[in-house]
């Protein structure tokens, strides 16, 4: 029998073979990483839908900006250089918590609508389905992106808004998230009216805001005729919202839940919410019922959840630009990697 490996330089034949195999594996890994990094991106089978959603969002953002200029709502050049009017003041009577300016500006990019299309398709949502949407006013851009995505996909959103906002979000008392939503309905950019509205903020009743501010917001909500949720008890609030979503979805049921922002009633009180990844979550460690917000309640029922809060993580993971100026043109969404 021939000797295939000889002892050389103090290395035994078996050791030399192991080194060769290991080196070959490392080379293969490096080549794989390079190919994935530099290979041309593969178009999605629904890439035209992501483009159309981005175009719809671009029209909505342009409309909102024009409206603010026409009615004399001031746009601060230093905080909102793209003139979206979706970036509010740092401090106002409507502010509930601190927020990140760059994150708020990033979400006004029309291509976030394409990302929402992608996430919904990953969740198994298709035309004719119903999705539940719970959103604080902290990220008006993400609300517009979600509405653009669902309309383009022919998906029905059952939306519950809350009006409390972190700084630089929907913090204008004279043009809050409900005002923005109503404008887009009047102009027929979107057609699905909110199913309900709450004050948001502390205990979902804006306990941290001045009493006169709460009264003004409540009056505004009541004048619209939209269902008003005012329930400080977390479990009672979650139960009411689940009934609204289920009634809105009908017999077909809810295909996915989209959480926008950091609403107390949507996230609940468990620290396990910190383990949620940005984007689609289909498996998660569900806390005990008393600590569950709507998101965990949906997950407990096997409903896929899309978590839109950690904007920097979303931008990095999906290759969207951080704090772009000017806003990018609508394009087909191509996920990174």
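Within the chain, antiparallel bridges make up roughly 15 percent of the DSSP beta bridges whose residues both belong there.
A simple spin-label model places pseudo-atoms 7 Å from Cα toward Cβ; at residue 208 and residue 271 they are separated by 2.1 nm.
Hey, quick one: spin label on residue 127, modelled 7 Å out along Cα-Cβ, who in region 141-157 has an amide N within reach, i.e. under 17 Å? In region 141-157, the label zone of residue 127 (backbone N under 17 Å from the point 7 Å along Cα→Cβ) covers 149-157. Identify which of the listed values of mean projected area of the Cα convex hull in nm² was calculated from the structure shown: [x] 23.6; [y] 19.6; [z] 15.7. Only one listed value fits the structure, namely [x]. Ellipsoid fit via the Cα gyration tensor, region 173-269: semi-axes of 22, 20, 12 Å, each the root of five times an eigenvalue, largest first.
Taking 8 Å as the Cα distance limit and 6 or more residues as the minimum spacing, I'd like the relative contact order of the chain as a percentage. Each step should come with its number before you reach the end.
On the way: 618 pairs, mean separation 72.9, N = 337.
This gives 22 percent for the chain.
From largest to smallest, the equivalent ellipsoid semi-axes obtained for region 274-337 from the alpha-carbon gyration tensor read 30, 12, 10 Å. Each of the peptides 223-236, 145-158 was scored by the mean count of other Cβ atoms within 10 Å over its residues; in descending order, highest first, they stand as 145-158, 223-236.
By how many degrees, 0 to 90 and rounded to 10, does the Cα axis of helix 112-122 deviate from the longest principal axis of the chain? It works out to around 60 degrees.
Would you kindly state how much longer the chain becomes between residue 242 and residue 230 on full extension, computed as 0.36 nm times their sequence separation minus their alpha carbon distance, in nm to one decimal? Don't skip to the answer; put the middle values down first.
Numbers: separation 12, 0.36 × 12 = 4.32 nm, distance 1.47 nm.
Here the segment from residue 242 to residue 230 would lengthen by 2.9 nm.
Grab the DSSP H runs of the chain that are 4 residues or longer, score each as -39,500 (n - 2.57), total them, divide by all residues and round the 222 nm result to the nearest 500 deg cm²/dmol.
When only DSSP H runs of four or more count, the value is -13000 deg cm²/dmol.
Residue 300 to residue 71: extension gain in nm, 0.36 nm per residue of separation minus the Cα-Cα distance?
Numbers: separation 229, 0.36 × 229 = 82.44 nm, distance 4.55 nm.
Once the chain is fully extended between residue 300 and residue 71, it gains 77.9 nm.
With the simple spin-label model, which puts each label point 7 Å out from Cα in the Cβ direction, the residue 334 to residue 97 separation comes to 3.6 nm.
Could you work out the relative contact order of region 240-337, using alpha carbon pairs under 8 angstrom and six or more residues apart, expressed as a whole percent?
28 percent
Between residue 191 and residue 289, the C-beta separation translates, for a Förster distance of 51 Å, into a calculated FRET efficiency of about 0.90. One chain, two ends: residue 316 and residue 78. Fully extended at 0.36 nm per residue, the span grows by 83.2 nm beyond their Cα-Cα distance.
None of the figures in this text is laboratory data; all of them are computed from the coordinates on show. Since this is a predicted model, take the numbers as computed values, not measurements. With ideal geometry, Cβ positions are generated from the backbone for all residues, glycine too; neighbour counts draw on all protein chains shown.
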